[in-house]
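In what follows, a single structure is set out as structure tokens and then discussed.
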Protein chains: 2
Amino acid sequence: MTEIRPLIMCGGNGTRLWPVSRAALPKQFASLMGERSTFQQTVLRSARFGTTQRPLIVTNALHRYLVEEQLAELGLKADVLVEPDRRDSGPAILAGAREIAREEPDTLVLVLASDHVIRDEAAFRDAVAAGLAPALSDHLVTFGVTPTHPATAYGYIQPGAPLDEGSWAVARFAEKPDAMRAAGYVLDGYLWNAGIFLFRAGALIAEYERHDPETVAAVDGAVTQAKRDLDVVCLEPGAFARARRQSIDYAVFEHTARAAVVPMACGWSDIGNWDALWSLGAGDPDGNVVQGEVVMRDARGCYVASDGPLTSVLGLSDIVVVASSDSILVADRRRAGEVKEIVASLQSQGRPQADTHPRVHRPWGWYEVIDSGTGFQVKRIVVRPSGRLSLQKHHHRAEHWVVVTGHARVTIGDDVHELGPNQHAHIPLGAVHRLENFGNTPVEIIEVQHGDYLGEDDIVRIEDIYARA
Amino acid sequence: MTEIRPLIMCGGNGTRLWPVSRAALPKQFASLMGERSTFQQTVLRSARFGTTQRPLIVTNALHRYLVEEQLAELGLKADVLVEPDRRDSGPAILAGAREIAREEPDTLVLVLASDHVIRDEAAFRDAVAAGLAPALSDHLVTFGVTPTHPATAYGYIQPGAPLDEGSWAVARFAEKPDAMRAAGYVLDGYLWNAGIFLFRAGALIAEYERHDPETVAAVDGAVTQAKRDLDVVCLEPGAFARARRQSIDYAVFEHTARAAVVPMACGWSDIGNWDALWSLGAGDPDGNVVQGEVVMRDARGCYVASDGPLTSVLGLSDIVVVASSDSILVADRRRAGEVKEIVASLQSQGRPQADTHPRVHRPWGWYEVIDSGTGFQVKRIVVRPSGRLSLQKHHHRAEHWVVVTGHARVTIGDDVHELGPNQHAHIPLGAVHRLENFGNTPVEIIEVQHGDYLGEDDIVRIEDIYARA
């Protein structure tokens, strides 16, 4: 089989899966089904082709360290392309193709979304195999999912003339339809547009160039002037900002004469909302799909997931309950798509639960506020191996650290020493200090802050390996 | 007005208001409506009669310190009668009457439940005033609530011949009826049996004696051999165990010829389940009653209360959502009474959420586990003024204390010193130690435990002012 370079798109927000999915940690990084995130499942799936090269992950600056952390969990390497801002899928895919074309423009690129579920991996691999011939003859191949119902949430693809074994030219792309029109599309053999593509890097760039040369020039600049650091490529912001904000469908596929489609029936889902997760789950005899510590009594057709609190449901049907430590959603399952409206209203009210989780990810690991009161706050801080917090000081708080796991290197003023489990350090108000992990296992500490102001913005960074100083 | 001694019954469990009400802190001590618990509201209501003496609170050993804490919050004094075990309302009321009769058998006793809501206090006072004449003529007066609907959850009282102005002899007591029978009772002018009574202490004892002299002898023994310590009377367990476990209705009221009834319409509720709290609440225009951080979108007729997590409800009607940090209930509001079945099933599964809250009350204050992981656990500990933890040691854990509020006296081995805010102490494995508060404000500390076993039972108490050593 021909070598393929996976290009994994990792920039989405997924507000319809709130409260699990939030801007700071969107659904592709969450463990929604099983232990691994769909991002991790996508990386593993692409590695199982056997003929694929190291994937290129396109993500934004906010999620760069999450991507690296989740790759490290898998023990897999990948290249990471960091978008300075969100300009929709067109410029993102184009930048990936341009980066790949730097080495070899003939490389076959398989564009995958990081938030899709594919239950029949063999069928998916067969579809990709069927896409090779048209892609090698410089077609832009899109994979069209055989509809299982007249969905109104997806665009549709009408296949035209046959091309090769298992592939067709695209007759037309159709917008998301209403229910009536969707039923017609399904009867007429249209396919769902799933946003999975296969093409030669050079072919995509050539077709983009034909329809939007300004964006190609902008992205060219962003790639050639990118900041490169080991596996990470940060696109140059000024140039990238000149790329037209457009989906790859509008930018290329709807105009090109070289679009091809390969139908596939592979148990695909984009887990667009909680109802989709209910559909995908293994229901009990009452049709309930549950996850976490859940007690059901005389309930039917419910999706109930808790990542902490014991959740009990009594005498209700077809509802969704999703519970996390700081937020709970209770909704009519058939109206799960409206969750994004709740998130919008929380955002307009300035509630932190709209966009951020209690567990805050940082380049060096994560922290979580576990308690707070008048004049104090308590955090659990986990530092990954090689993780180093900045050299810093605070104007309004003193801190106490108790190491509970691992061995930390602790700097306070001029004093540097190792601190192991059950050891304590006090950081007086105003003292310059630093927490680092040079060991091979995570360091966990409990931090007790004491002061008259405890906001995250009371921090003076003197030195930082993540360029935040 | 004649002097009255309130006897406040405080022994119930209230599992139908789970997860707020649990055995360790039942509904009468919870802030279900407003800032004060119904126990506190009952004490305040009895104090507002203007003619009442210091109340006598009947409770069990588990809740003694909660009673004292909640009285202290009100700045009010009361006597406390501690039951060694639960023997239903008969022996509890009899013990209260016997204790009161020790000083003066002619004392008028007003028996109140600590978990009732009375919205029209003037109407209630008028009813009690109407009960004085029959009580002074040695009747046992019960207050019958004018039904607002054909409830099946209460027993009924049929009034008979008129006695005094506003009181009647009782024709009969009727068991909790089915719906059909309840409708008939309401039409026939029956009243709800609310468990509120007025009688001379001596009159109740005499009638109890007539029907169950063994129990009167047992309770006599429990009172005369009680351990007395300032305001607290602990009934003698051996004698009290010989009292027949029976409700006061079965033990006395259903047999006596001297039962009288005073009707009252005072906005009474025993807040028997979450649906009752919905009925009592001030609904918004959609008929939703909400408490805490709650977002409603296209929801109607719901009761939603959260003591922490942001709770969102989308597109649902007539449901109950009650959220606490460790447990969530989502139920059909019309089936709220079945919550006790959920609690029973949690108990049979041995889940701690069935009976205990994360915040654990102790004689000296409370603690709450705020985080835990492999080999460590973090607690917030609050010690009331004059609160003193036992002198103790642990075999399996070391501890770090950081004081965040107040001034603590800390003993470690032979060393005793004061620790103020932002100060730290380390208690090595096996060291004898003690935490005490001799100040006038609460002491709050964050405790980080480190060790191979962190169960509450790893404690050797060497000395304890609450007799737990």
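The values are calculated or read from the model by the stated rules, or taken from the named source; none is laboratory data. Small disclaimer: the values here were computed from a predicted structure and weren't measured. Cβ sites come from the backbone with ideal geometry, for glycine too, and all protein chains shown count toward neighbours.
Table for the structure above
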read-out: Filtered residues of segment A:96-115 (kept if assigned to a helix (DSSP H, G or I), under 21 Å from the mean Cα position of the chain (by Cα) and either farther than 18 Å from A:Ser46 by Cβ or of a type in the set (D, E, K, R) (or both)); value: A:Glu99
read-out: Lone unmet requirement of (1) surrounded by fewer than 18 Cβ atoms within 10 Å (Cβ to Cβ); (2) within 12 Å of chain B (Cβ to nearest Cβ); (3) in contact with a strand residue (DSSP E or B) (Cβ under 6 Å, 6 or more places away or on another chain) for A:Val382; value: (1)
read-out: Residue, nearest to the other protein chains (Cβ to nearest Cβ), within segment A:357-379, restricted to residues that are in contact with a strand residue (DSSP E or B) (Cβ under 6 Å, 6 or more places away or on another chain) and assigned to a loop (DSSP other than H, G, I, E, B); value: A:Pro358
read-out: Selection status of A:Gln353, facing chain B (nearest Cβ under 10 Å) and surrounded by 15 or more Cβ atoms within 10 Å (Cβ to Cβ); value: yes
read-out: Residue check, B:Val416 in a strand (DSSP E or B) and more than 11 Å from every other protein chain (Cβ to nearest Cβ); value: yes
read-out: Residue in segment B:62-81 that is within 20 Å of B:Thr356 (Cβ to Cβ) and either assigned to a loop (DSSP other than H, G, I, E, B) or acidic (Asp, Glu) (or both) present; value: yes
read-out: Single residue of segment B:306-350 satisfying the filter (assigned to a helix (DSSP H, G or I) and in contact with a Leu (Cβ under 7 Å, 6 or more places away or on another chain)) that is surrounded by the fewest Cβ atoms within 10 Å (Cβ to Cβ); value: B:Glu338
read-out: Residue satisfying all of: in segment A:289-305; of a type outside the set (A, V, I, L, M) and crowded, with 21+ Cβ neighbours inside 10 Å; farthest from the other protein chains (Cβ to nearest Cβ) among these; value: A:Tyr303
read-out: Options B:Gly160, B:Gly195, B:Gly189; residue that is outside any helix (DSSP H, G or I), more than 30 Å from the chain's Cα centre (by Cα) and touching a residue at least 24 places away in the same chain (Cβ under 8 Å); value: B:Gly189
read-out: Cβ pairs under 9 Å, 6+ apart, first in segment B:215-227 and assigned by TED's automatic domain parsing to the domain that holds B:Ala61, second hydroxyl-bearing (Ser, Thr, Tyr); value: B:Thr215/B:Tyr208; B:Val216/B:Tyr208; B:Val219/B:Tyr208
read-out: Any hit, segment A:275-296, residues being under 30 Å from A:Ala169 (Cβ atoms) and not β-branched (Val, Ile, Thr); value: no
read-out: Filter result (touching a helix residue (DSSP H, G or I) at 6+ places or on another chain (Cβ under 8 Å) and of a type in the set (Lys, Arg)) within segment B:323-364; value: B:Arg333, B:Arg334, B:Lys340, B:Arg362
read-out: Subset of segment B:310-325 [at pLDDT 95 or above and within 25 Å of B:Ala24 (Cβ to Cβ)]; value: B:Thr311, B:Val320, B:Val321, B:Val322, B:Ala323
read-out: Residue match in segment B:290-311 (condition: touching a residue at least 40 places away in the same chain (Cβ under 8 Å) and in contact with a Phe, Trp or Tyr (Cβ under 8 Å, 6 or more places away or on another chain)); value: no
read-out: Which numbered condition B:Leu314 fails, given (1) at the interface with another protein chain (Cβ under 8 Å from one of its Cβ atoms); (2) of a type in the set (A, V, I, L, M, F, W, C); (3) touching a helix residue (DSSP H, G or I) at 6+ places or on another chain (Cβ under 7 Å); (4) under 20 Å from B:Met33 (Cα atoms); value: (4)
read-out: Counted residues, segment B:419-438 - those being in contact with a Lys or Arg (Cβ under 9 Å, 6 or more places away or on another chain), surrounded by fewer than 18 Cβ atoms within 10 Å (Cβ to Cβ) and more than 9 Å from every other protein chain (Cβ to nearest Cβ); value: 4
read-out: Unique match (being assigned to a loop (DSSP other than H, G, I, E, B), at pLDDT 95 or above and buried (at least 17 other Cβ atoms within 10 Å of the Cβ)) among B:Pro147, B:Pro134; value: B:Pro147
read-out: Sole exception among (1) farther than 25 Å from A:Pro19 by Cβ; (2) within 14 Å of chain B (Cβ to nearest Cβ); (3) without any contact (Cβ under 8 Å) to a residue 60 or more places away in the chain for A:Pro442, by number; value: (3)
read-out: Condition check for B:Phe173: aromatic (Phe, Trp, Tyr), modelled with pLDDT of 95 or more, surrounded by 22 or more Cβ atoms within 10 Å (Cβ to Cβ) and not in a loop (DSSP other than H, G, I, E, B); value: no
read-out: Meets criteria (of a type in the set (Gly, Ala, Ser), touching a Gly at 6+ places or on another chain (Cβ under 9 Å) and modelled with pLDDT of 95 or more) for B:Ala161; value: no
read-out: Count - residues of segment B:250-274 that are modelled with pLDDT of 95 or more and of a type in the set (Asp, Glu); value: 0
read-out: Spans of strands (runs of 3 or more DSSP E) in segment B:428-469 with at least 1 residues among the basic types (Lys, Arg) and in contact with a Ser or Thr (Cβ under 8 Å, 6 or more places away or on another chain); value: B:433-436, B:460-463
read-out: Residue list for segment A:83-100, restricted to those being touching a strand residue (DSSP E or B) at 6+ places or on another chain (Cβ under 9 Å) and either among the acidic types (Asp, Glu) or crowded, with 20+ Cβ neighbours inside 10 Å (or both); value: A:Glu83, A:Asp85, A:Ser89, A:Pro91, A:Ala92, A:Ile93, A:Ala95, A:Gly96, A:Ala97, A:Glu99, A:Ile100
read-out: Condition check for A:Arg409: among the basic types (Lys, Arg), part of a strand (DSSP E or B) and either buried (at least 18 other Cβ atoms within 10 Å of the Cβ) or touching a helix residue (DSSP H, G or I) at 6+ places or on another chain (Cβ under 9 Å) (or both); value: no
read-out: Residue match in segment B:202-210 (condition: modelled with pLDDT of 95 or more, of a type outside the set (D, E, K, R) and more than 28 Å from B:Lys77 (Cα to Cα)); value: yes
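Yes or no, residue by residue, for (1) out of contact with any Leu (no Cβ under 6 Å at 6 or more places or on another chain); (2) within 20 Å of A:Gln246 (Cβ to Cβ):
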| position | (1), (2) |
| --- | --- |
| A:Ala78 | no, no |
| A:Ala97 | no, yes |
| A:Ala129 | yes, no |
| A:Ala135 | no, no |
| A:Ala153 | yes, no |
| A:Tyr156 | yes, yes |
